[in-house]
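The values are calculated or read from the model by the stated rules, or taken from the named source; none is laboratory data. Note that the structure is predicted; figures quoted are calculated from it, not measured. With ideal geometry, Cβ positions are generated from the backbone for all residues, glycine too; neighbour counts draw on all protein chains shown.
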Amino acid sequence: VIANRTLKLSHVKPHRQELFVTLPIGPPGLKPSHEVSLTNHPPYEAISYRWGSSEMKLSILIEGGNFEVTENLWAALWFLRDANEKRVLWADAICIDQTNIAEKNHQAQLMRDIYKIARRTLIWVGAETAEMRQGFNIIPTLLRAYEEKWTIFDFLSLRDWAMHDLTSAFPKLWALLDNPCFSRIWVVQEVAVSRDRLVVCGDLTVSWSDLTFAIRYAHDLGFGSFVNQPHSLTFWAMHASLWGAAYHTDRELLHLLLRHRSCGATDPKDKIYALLGLSAIAGHQGKSVDIQPNYDPELSVEDVFRSAALQIIRTSRNLDIFSVPRALSPNRLKSLPSWVPDWTVGSHTTPLDLPERCHHRTVQSGDFHLLTQAVECIVVPKRQ
């Protein structure tokens, strides 16, 4: 049980030349230095993003002082600021004191709830480019095609799109699936538990549901031949966890670790910690693991992986973890016991039991569309 369930929020103020942030804020009548309870908070939006390089940092103003953030977060705040009103946002690099180990440990346990209760999650994929705009522009046409049940011949007869435009637009749409944001381990949980998701690229926006439906219909029309499948796997794996969180189908931490093994993390410990919130969703079924985030530098990554492996064995009461392929990479953790999987090394290999589990999974309702990928049976709900 987490005793102190509070979070900090930030106000991004409208300004033409600089970024002003008030941190933290609370309900009316409270001083700015007060924290906000998870059960009593003003409406806010949470930013899901990739930190990016820490070598290039830019300054924002927080209550009169300079505060450095990564270039990617600075760009997100710049594009998300409202021209006329304050905007209440939550971003981990600002709202969690990254120099305070105790605060990081505590807030990491609340991450699932922070994104779950947010009014909306803003999935920042970066500043707009000409290629991104081309990919975004085809989404409304695909949604119209889905609603009107077009065939590929109807699609190709559009006056607004010449054939060379189509062949160039679809690779740009698929490139969005390969965006680095979708390959970060924390983003998996942030997207999965959110009540409303908006993908933001500069001034371009699209809802998560519209994006996935558009891609699904493009695939059905036969334009899926443009997909560079290995690069889109992390995106579809993320969508699978979204579905699993909504319908409580993810039972074990091991299953989540395998699904998202290729995701990256600045701190290798996050390969475990970032998925705890999703596995805890099934805790009422007695399947949650007892692991507490601990960013103390004296606790090694090897110790975290070993403890996680032991907890998985104890809670699952089986030895499935031994079927996980061991990393052959020269970058693997050399001091890790041979029976403990090295989650720092991504792998597209398949555990011994996964194909059987995948092939025998069935869907009772006709409301879902299956996209079979190399490592997962992915279920995409039909558009209402």
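Mind counting the residues in the stretch 314-326 that are outside any helix (DSSP H, G or I) and either touching a residue at least 40 places away in the same chain (Cβ under 8 Å) or under 19 Å from Gly264 (Cα atoms) (or both)? Spell out the reasoning first.
Taking the stretch 314-326 and keeping what is outside any helix (DSSP H, G or I), we get 317-319, 324-326.
Those still in the list that are either touching a residue at least 40 places away in the same chain (Cβ under 8 Å) or under 19 Å from Gly264 (Cα atoms) (or both) too: 324-326.
Qualifying residue count for the region: 3.
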Matching residues, the stretch 94-140, being among the polar types (S, T, N, Q), surrounded by 17 or more Cβ atoms within 10 Å (Cβ to Cβ) and touching a strand residue (DSSP E or B) at 6+ places or on another chain (Cβ under 9 Å): Gln107, Thr121
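Being of a type in the set (A, V, I, L, M) and over 13 Å from Glu68 (Cα atoms) is the filter here; which residues of the stretch 92-103 pass it?
Kept after step one, since they are of a type in the set (A, V, I, L, M), are these residues of the stretch 92-103: 93-94, 96, 101-102.
If the condition is that a residue be of a type in the set (A, V, I, L, M) and over 13 Å from Glu68 (Cα atoms), then Ile96, Ile101, Ala102 are the ones that fit.
For every residue, the table says whether it meets (1) surrounded by fewer than 18 Cβ atoms within 10 Å (Cβ to Cβ); (2) at pLDDT 90 or above; (3) assigned to a loop (DSSP other than H, G, I, E, B).
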site	(1), (2), (3)
Ala309	no, yes, no
Ile312	no, yes, no
Leu328	yes, no, yes
Asn331	yes, no, yes
Lys334	yes, no, yes
Thr350	yes, no, yes
Pro355	yes, no, no
Hey, Leu253 under 24 Å from Asp92 (Cα atoms), touching a Ser or Thr at 6+ places or on another chain (Cβ under 6 Å) and modelled with pLDDT of 85 or more or not: yes
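Residue under question is Ile62, and the condition is that it be touching a helix residue (DSSP H, G or I) at 6+ places or on another chain (Cβ under 9 Å), crowded, with 20+ Cβ neighbours inside 10 Å and not assigned by TED's automatic domain parsing to the domain that holds Glu298; does it hold?
Values: touching a helix residue (DSSP H, G or I) at 6+ places or on another chain (Cβ under 9 Å): yes; crowded, with 20+ Cβ neighbours inside 10 Å: no; not assigned by TED's automatic domain parsing to the domain that holds Glu298: yes.
So Ile62 does not fit the description; no.
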Qualifying strands (runs of 3 or more DSSP E) (wholly inside the stretch 50-124; at least 3 residues being free of Cβ contacts under 8 Å to residues at least 60 places away in the same chain and more than 20 Å from the chain's Cα centre (by Cα)): 57-62, 65-70
In the stretch 226-236, the residues that are out of contact with any strand residue (DSSP E or B) (no Cβ under 8 Å at 6 or more places or on another chain) and either at pLDDT 75 or above or of a type in the set (S, T, N, Q) (or both): Asn228, Gln229, Ser232, Thr234, Phe235
Val375 surrounded by 13 or more Cβ atoms within 10 Å (Cβ to Cβ), aliphatic (A, V, I, L, M) and modelled with pLDDT under 55: yes
Selected residue [closer than 14 Å to Gly126 by Cα and either in contact with a helix residue (DSSP H, G or I) (Cβ under 7 Å, 6 or more places away or on another chain) or at pLDDT 95 or above (or both)] from Leu204, Leu173: Leu204
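Name the single residue, out of those in the stretch 18-59 being of a type in the set (S, T, N, Q) and modelled with pLDDT of 50 or more, that is farthest from Arg112 (Cα to Cα). Give the derivation first.
Step one: filter the stretch 18-59 for residues of a type in the set (S, T, N, Q), giving 22, 33, 37, 39-40, 48, 53-54, 59.
Then keep just the ones that are modelled with pLDDT of 50 or more; that gives 37, 39-40, 48, 53-54, 59.
Details: Ser37: 15, Thr39: 14, Asn40: 17, Ser48: 12, Ser53: 25, Ser54: 25, Ser59: 28 Å.
Among those residues, the one meeting the criterion is Ser59.
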Failed item in (1) under 25 Å from Thr266 (Cα atoms); (2) not assigned by TED's automatic domain parsing to the domain that holds Lys57, with Pro140 passing the rest: (1)
Residues of the stretch 257-275 classified as closer than 23 Å to Leu299 by Cα and assigned to a helix (DSSP H, G or I), total: 5
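Residues are listed down the side, and each one gets a yes or a no for (1) farther than 22 Å from Leu73 by Cα; (2) modelled with pLDDT of 95 or more:
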position	(1), (2)
Val200	no, yes
Thr212	yes, no
Gly224	yes, no
Met238	no, no
His260	yes, no
Ala265	no, no
Leu276	yes, no
Ile281	yes, no
